[in-house]
Amino acid sequence: MKMIDEKKINDILNSTSAPDDKRLDEILAKALQKKGISIEETAELLHVSGNQLHAVFRTAWKVKHEIYGNRLVLFAPLYLSDFCINDCEYCGFHCRNKELKRQRLSMEEIRKETELIIKMGHKRILVESGEHPDNSVDYVCDAIRTIYDTKIENGEIRRVNVNIAATTVENYKKLKEIGIGTYQLFQETYHKKTYEKLHKGPKSDYHRQITAHERAFEAGIDDYGIGVLFGLYDYKFEVLALLSHARYMEEKYGVGPHTISVPRFKNAPSVFYNPEFPVSDSDFLKLIAVIRLSVPYTGMIISTRESPEIRKKAFELGISQTSAASKTSPGGYSTKENVQFQLSDHRPVDEVLRDMCNQEMLPSFCTACYRSKRTGETFMKLAKAGNIHFLCHPNAILTFKEYLEDYTSEEMKKIGEETILKELEKIEDEKRRKETKNRLKRIEKGERDLFF
Ligand code: SF4
Ligand code: SF4
């Protein structure tokens, strides 16, 4: 099987069109079975516009809800270094940016940043770094060790996910040994010609980028994330290519991506790139819904690149993880920041959580699966059977309770406690509900890190 067959993807896009209402109902009925839909059916949904979109959105919400429930898992990025030898057109850290006063954080600085992230209530960090000989994998491993070692009062980071440049099997083995959660790497664009036009430096090697997850897999990392930077090429092509990538990995290794990220191009200092294929808000929301229907079991991530309004809508269409109160530069939590790209959501964590509760979402700081060895195939089996929600939901309640006990204002605590009461009633299994209540009491008495 070819990982990305551009001709085939273009043929599918050219030979399909928006379905009529009857056909749309058929595709959505199939999607509701939560086993995914074919690439051709996905293409048909990508052609949908106007009033038909409401039906696609409603179905996406239903599928997301049945698999993951209403929980939204939170994380914060931590940038280690903005030194980079690549010259990617769309990124403020590209090596042509001579104005940038670059930084590589020392272990002490990483500890300080981690403390600030912990004090916001976060339990998950996504480590990011530019590609540079001095940002070696050994340096990244030391950083991860430092993050895991940092504890303040009840706070700690329980899961470190990693987004660093494509590397070798040997280096991925080091990341595996140090105990990373998910290894994320985005193809940025799957369109080879566009990819080669927009990148200079080692990252310009399309093959190195697209085969990275296979090397990570070979090294034993079975939780991996993929993504596209939307705006670089036609979004319909990108979605079909992204899904082809997911299917290729699933067929070859038996494990689909743990997460799919959907960043959209944003401006940054020294970036003069004018996206040739800007994605409108409406198309952006559509592609989120369509991905959710096509790979129902995969976590979907949105970042603070997007505005609170778009994020709110996206939460209802299939997003299951989100960053909050992010800083996108090394040292950004403690000092003034350089930016890799512009952010559109600057709200503090408390405000993000309050809005989630008002939207009847359940904030979660859960990290249970990775620490219970529910990764890779084991995780996928649970997710595909629609059973992960029975763990996500009580774990979200417990970790949200920790947040309310340790990090929030009185006002937010009141809102949060009301949300918890409502959510407890939704636990159908009486034994599980009783045990969750029992654990909530233990958290009130000072215990932490209780999970299913
Ligand atoms: Fe470097 Fe990554 Fe930015 Fe490219 S996207 S310039 S590799 S930091
Ligand atoms: Fe994620 Fe597993 Fe926790 Fe659900 S139970 S939120 S899948 S870590």
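The values are calculated or read from the model by the stated rules, or taken from the named source; none is laboratory data. Just so you know, these numbers come straight off a predicted model, no measurement behind them. A quick note on method: Cβ atoms are made from the backbone with ideal geometry, for glycine too, and the neighbour counts reach across all protein chains shown. Calculation scope for accessible area: heavy atoms of the full protein, side chains included, ligands and nucleic acids excluded. Shrake-Rupley method; radii C 1.70, N 1.55, O 1.52, S 1.80 Å.
Quick rundown of the values:
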item: Residue within the range 170-180 that is open to solvent by 10 Å² or more (accessible area, probe 1.4 Å), in the same structural domain as Thr367 (by TED's automatic domain parsing) and outside any helix (DSSP H, G or I) present; result: yes
item: Where a residue in the range 122-137 is touching a residue at least 12 places away in the same chain (Cβ under 8 Å) and among the aliphatic types (A, V, I, L, M) and its partner, wherever it lies, is more than 15 Å from ligand 1 (Cβ to nearest atom) and assigned to a loop (DSSP other than H, G, I, E, B), with Cβ under 6 Å and at least six apart; result: Ile125/Ile157
item: Answer from Lys426, Lys381, Lys441 - the residue that is more than 22 Å from the chain's Cα centre (by Cα) and either among the hydroxyl-bearing types (Ser, Thr, Tyr) or more than 17 Å from Asn70 (Cα to Cα) (or both); result: Lys441
item: Residue list for the range 115-132, filter: acidic (Asp, Glu) and part of a loop (DSSP other than H, G, I, E, B); result: Glu131
item: Glu435 being within 16 Å of ligand 2 (Cβ to nearest atom), surrounded by fewer than 16 Cβ atoms within 10 Å (Cβ to Cβ), modelled with pLDDT of 95 or more and over 27 Å from the mean Cα position of the chain (by Cα); result: yes
item: Residue within the range 135-146 that is open to solvent by less than 50 Å² (accessible area, probe 1.4 Å), more than 16 Å from ligand 2 (Cβ to nearest atom), out of contact with any Lys or Arg (no Cβ under 9 Å at 6 or more places or on another chain) and among the hydrophobic types (A, V, I, L, M, F, W, C) present; result: yes
item: Matching entry among Glu128, Glu156, Glu99 (being farther than 23 Å from Ile301 by Cα and open to solvent by 10 Å² or more (accessible area, probe 1.4 Å)); result: Glu99
item: Some residue of the range 266-281 being aromatic (Phe, Trp, Tyr) and free of Cβ contacts under 8 Å to residues at least 24 places away in the same chain; result: yes
item: Boolean, Ile301 is out of contact with any helix residue (DSSP H, G or I) (no Cβ under 7 Å at 6 or more places or on another chain) and not in a loop (DSSP other than H, G, I, E, B); result: yes
item: The range 432-449 residues that are in contact (Cβ under 8 Å) with a residue 24 or more places away in the chain, paired with ones that are open to solvent by 50 Å² or more (accessible area, probe 1.4 Å) (beta carbon under 7 Å, 6 or more apart); result: Ile443/Glu405; Glu444/Glu405; Arg448/Asn154
item: Any helices (runs of 4 or more DSSP H) falling wholly within the range 201-292 and containing at least 3 residues that are open to solvent by less than 10 Å² (accessible area, probe 1.4 Å); result: 212-218, 235-253
item: Cβ pairs under 7 Å, 6+ apart, first in the range 44-73 and closer than 18 Å to Asp355 by Cβ, second more than 16 Å from ligand 2 (Cβ to nearest atom); result: Trp61/Glu316; Trp61/Leu317; Asn70/Glu360
item: Within the range 248-265, tally of residues that are of a type in the set (D, E, K, R), touching a residue at least 24 places away in the same chain (Cβ under 8 Å) and under 17 Å from Asp222 (Cβ atoms); result: 2
item: 2 or more residues of a type in the set (Gly, Ala, Ser): qualifying helices (runs of 4 or more DSSP H) within the range 1-114; result: 21-31, 52-68
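Okay, residues lined up against (1) β-branched (Val, Ile, Thr); (2) open to solvent by less than 20 Å² (accessible area, probe 1.4 Å); (3) within 30 Å of Glu128 (Cα to Cα):
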residue	(1), (2), (3)
Lys34	no, no, no
Leu74	no, yes, yes
Tyr79	no, yes, yes
Cys84	no, no, yes
Lys112	no, no, yes
